[in-house]
Amino acid sequence: MPTGVHLRDARQQLFDAAERVLLRDGPDALTSRAVTDEAGCAKGVLHRHFSDFDAFLTDLVLDRAAQLETQASALRESAGIGTVADNLTTALVTLFGPVPVAIIPLITFRDELRARLRQARPGGGIAILAQVATAISAYLADERELGRIAADADLDSLTLSLVGGGHLLFADRDPGPPTTATVNKLVTTVLADVVQRRPR
């Protein structure tokens with residue numbers, strides 16, 4: 001293994017390498033050695049940029065959680081357009097993509113990582129799920145404001161149902177992610193009593 005390879009933007013290359021290991025081999029295989037081997041660099045490169053492996057994982061999760069902001073913005077911009085169910089279906093399929101779904105068990109099984117995420121971001125112990133919940137809740141509030149969701153709808157309960165149900169659908173990656181129709185059925189069922197039906 002080369003020890004003198006210079007990495008441009010080493011942090012991002014290490015994050016990308018970790019993501020590949022995570023997607024290919026799962027959270028159990030994610031070690032500092034696996035990451036640096038995947039990145040094609042010496043193990044010391046990781047420790048030059050991060051105080052320890054949990055610091056690396058914390059920054060990895062926060063970086064990938066931040067990437068969800070783009071999808072969250074797109075969801076909010078869809079308020080008032082199309083149908084609420086279709087907008088939420090598209091959002092869940094995107095927000096629960098392969099990388100977020102692979103990161104969630106990593107957070108779940110590493111106590112130190114959860115503790116550091118909570119320090120970095122209040123309420124952020126399960127960072128990816130928190131991002132998804134924030135996005136869904138904000139969108140539902142926008143749709144309620146527009147009158148497309150009942151004024152008395154319990155947004156917290158709806159958000160929990162959509163995020164929890166969505167996570168369960170996507171958590172089992174074998175034989176693959178759920179179909180859009182399956183996700184739409186979940187969303188439609190959760191929203192059945194609160195979506196304002198207007199005569200055509």
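The values are calculated or read from the model by the stated rules, or taken from the named source; none is laboratory data. Keep in mind that what you see is a predicted model, and the values were worked out from it rather than measured. Cβ coordinates were reconstructed from backbone atoms using ideal geometry, including for glycine residues, and neighbour counts include every protein chain displayed. The accessibility values were calculated without ligands, DNA or RNA, using every heavy atom of the protein model including side chains. Shrake-Rupley method; radii C 1.70, N 1.55, O 1.52, S 1.80 Å.
In summary, helices (runs of 4 or more DSSP H) completely within segment 118-200 and bearing 3 or more residues that are modelled with pLDDT under 90 and buried (at least 18 other Cβ atoms within 10 Å of the Cβ) occur at 127-145. There is no residue in segment 113-135 that is free of Cβ contacts under 8 Å to residues at least 60 places away in the same chain, touching a helix residue (DSSP H, G or I) at 6+ places or on another chain (Cβ under 9 Å) and hydroxyl-bearing (S, T, Y).
List, please: which pairs have Cβ atoms under 7 Å, are six or more places apart or on different chains, and start with a residue in segment 41-65 that is among the charged types (D, E, K, R) and end with one that is open to solvent by 40 Å² or more (accessible area, probe 1.4 Å)? The qualifying pairs are K43/R33; D54/E112; D54/R116.
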